[in-house]
Amino acid sequence: MSDDGMVKVRLLFVDDGEYHHEKVSIPASSLDAYDRLIDCVREDEAVLKRLHVDVDRLVSAYVLDDE
């Protein structure tokens with residue numbers, strides 16, 4: 001977790017057989033309410049206020065280690 005209360009997350013999307021990823025930051029506090037990170041990204045209001053997620057193309061999400 002970063003000092004500003006944000007967590008870096010990598011989102012993997014698929015579109016017509018092509019895969020691409022996006023790196024985003026989400027509030028760390030949002031993670032506590034969900035068992036699965038992908039559910040947090042799809043459903044949490046604080047996350048959805050920060051970014052648009054194409055849930056039909058979202059394949060996976062995982063927390064990134066400090067880079």
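Points to keep in mind about this one:
- Accessible area per residue for the chain, computed on protein heavy atoms with a 1.4 Å probe, is 71 Å².
- The share of accessible area on the chain that comes from carbon and sulfur is 43 percent, using a 1.4 angstrom probe.
- In order along the stretch 11-21, the Karplus-derived 3J(HN,Hα) couplings, from 6.51 cos²θ - 1.76 cosθ + 1.60 at θ = phi - 60°, round to 9, 10, 10, 10, 9, 6, x, 9, 9, 8, 10 Hz, and Gly and Pro are given as x.
- Normalised by the number of residues in the chain, the mean separation of alpha-carbon contacts (under 8 Å, six or more apart) gives a relative contact order of 39 percent.
- Other-chain or far-sequence residues with amide H under 5 Å of MET6's (modelled H): ALA28
- Convex hull volume of the C-alpha atoms in the chain, normalised per residue: 82 Å³.
- Accessible area in the full protein assembly, largest first, 1.4 Å probe, for VAL55, VAL14, VAL41: VAL55, VAL14, VAL41
- Residue separation of ASP39 and VAL55 scaled by 0.36 nm, minus their Cα-Cα distance, works out to 4.8 nm of gained length.
- Calculated [θ] (222 nm, deg cm²/dmol) that DSSP helices of n ≥ 4 give over the chain, each run adding -39,500 (n - 2.57): -5500 deg cm²/dmol
The values are calculated or read from the model by the stated rules, or taken from the named source; none is laboratory data. Nothing here was measured: the structure is a model prediction, and the numbers come from that model. Please note that ligands, DNA and RNA were not included when accessible areas were found on the heavy atoms of the full protein model with its side chains. Shrake-Rupley method; radii C 1.70, N 1.55, O 1.52, S 1.80 Å.
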